[in-house]
Amino acid sequence: MRRSGLHRQHGKQGAGGGGGGAKGIYAKLTIAVVVLLICTLSLLFSATIGGNRGSLEPSEINAEELWESAKSSGWRPSSAPRSDWPSPPRETNGYLRVRCNGGLNQQRSAICNAVLAARIMNATLVLPELDANSFWHDESGFQGIYDVEHFIQKLKYDVQIVESIPEIRKNGKTKKIKGYQLRPPRDAPIEWYTTVALKKMQEHGAIYLTPFSHRLAEEIDNPEYQRLRCRVNYHALRFKPNIMQLSESIVDKLRAQGHFMSIHLRFEMDMLAFAGCIDIFNLEEQSILKKYRKENFAEKRLVYKERRAIGKCPLTPEEVGLILHAMGFDNSTRIYLAAGELFGGERFMKPFRDLFPRLENHSSVDSSEELVTNTQGLLGSAVDYMVCLLSDIFMPTYDGPSNFANNLLGHRLYYGFRTTIRPDRKALAPIFIDRENGRTAGFEEAVRHVMLKTNFGGPHKRVSPESFYTNSWPECFCQVSPKNPADKCPPDNVLEVLDSRLENKVTSDPETLAEKNSTSFYIFSCNLDHEDRPLEQIGWST
């Protein structure tokens, strides 16, 4: 019918006589000329943008507004279960031991996965072991970094946790259960734990999973399991009091003079070698990076210019300074640097320091002996983590395989949508390359144009390869007045009711307790929402 209608319309135009036909041809020619003119202007405009970024339309970034948290759009953090979540039974299927390898934040993610694995298998979790790895040379262990009592207490309605596998008495003899050693596949599905791992646990009474880093799939189609990860990561894993006090002291000193920004400056030997970004260094430094890469990473052909062009290189300190300057931050901005030893020395740091002279790190703010002697160990990393978590603005300069940056992005999102500045290295690379080649016109406007596209820490959809630990929205968030009923926040809890339930649990017999477990936990879990606020609002004991 649509085609016949068009045919009739054309017929009417043809019957109008020669004058009508001439007018029709003239109209068509006019339209063609206009379209051609628009296309030509569009091409010229695009070419102008490519050759001269100064002609970009003005982009506005208000640096002052960035000191405040990002807009939440009505969302707030909540890791409380939204459905029935029974307490773990007294009798479990056995003991689960894990050895968490990697740095502090890789280990942190592994601990979350260990708790979830124990829940999935109905296992008793043995306090996770932290690998005294070759990079940190730190043997602090879980007990030396985290508050063990708090960890066990916060998760008692999720899993049973013990500090070590107890000895058993059998046939008049006392012996210790030996964990059967297993190497889980990387990103193993839940089914691996409920089949292979569980079978060995039931056979031997205990299993020992090593290494245990990225050994449980992040994307799980069960929001309650994901919320358990958040309860571990953002509630149960609390650093020891001495670490919290050191962090609080540093934050107080930094904030005494107003707002401060934290930057994870990942211009370090291991990351530069991993990324294959070595051509900007002298021959001696290149030799060091090549040697480190050969000894620590799989052989792979990496071309610096290609890597740089697609944003695979960590930002240089100078590039970080230029981004912040283009965004409107001035040289009075106070910046806390969370970083290891900068590779390449002061010549790379000087351009950044010239732009932003008020640079600090944990040693310059707090020169206590405890930090000075442990600056490169897990303690220093833990303090950096807490200071970055509580800073007004956080900026990672390389959030690819950086567990520190990725975990912090997720933690800051969870604690009040705190502002983050995430440079799009791929989009910025050609702008910096043009600048190095002398094409500087419109440089700052081009940088602002790229940076304006970031969400600055607000709620946003998680898209691969973004990690769940970087963005736990929407599973670990809720809305007070939702459009979708599934997003509704759990009811507000009453602490007095929680106290009453806990008291009843102690005095009740096992049968009565079993009936009350589900209700008790739900009320307890709602209490978590009282902690889903920035740490300075809820106190350091949370």
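The values are calculated or read from the model by the stated rules, or taken from the named source; none is laboratory data. Keep in mind the model is a prediction, meaning the values are calculated, not measured. Cβ placement follows ideal geometry from the backbone for every residue including glycine, while neighbour counts extend to all protein chains displayed. Side chains are part of the model used for accessible areas, which takes the heavy atoms of the whole protein and leaves out ligands, DNA and RNA. Shrake-Rupley method; radii C 1.70, N 1.55, O 1.52, S 1.80 Å.
A few notes on this one:
- Filter result for the condition that a residue is surrounded by 15 or more Cβ atoms within 10 Å (Cβ to Cβ), in a loop (DSSP other than H, G, I, E, B) and within 27 Å of the chain's Cα centre (by Cα), over L322, L337, L302: L302
- Whichever residue in region 399-451 is among the small types (G, A, S) and part of a helix (DSSP H, G or I) and, among such residues, is nearest to Q107 (Cα to Cα): A405
- Selected residue (only one of T420, T373, T440, T397 is at pLDDT 90 or above, assigned by the TED database to the domain that holds S249 and open to solvent by 50 Å² or more (accessible area, probe 1.4 Å)): T440
- For region 80-108, the tally of residues that are farther than 20 Å from Y180 by Cα, in contact with a strand residue (DSSP E or B) (Cβ under 7 Å, 6 or more places away or on another chain) and open to solvent by 10 Å² or more (accessible area, probe 1.4 Å) stands at 1.
- L289 vs. criteria at negative phi, part of a helix (DSSP H, G or I), crowded, with 17+ Cβ neighbours inside 10 Å and at pLDDT 95 or above: yes
- Residue within region 192-201 that is assigned by the TED database to the domain that holds C100 and of a type in the set (D, E, K, R) present: yes
- Test: residue in region 430-437 that is of a type outside the set (D, E, K, R), touching a strand residue (DSSP E or B) at 6+ places or on another chain (Cβ under 8 Å) and touching a residue at least 24 places away in the same chain (Cβ under 8 Å): no
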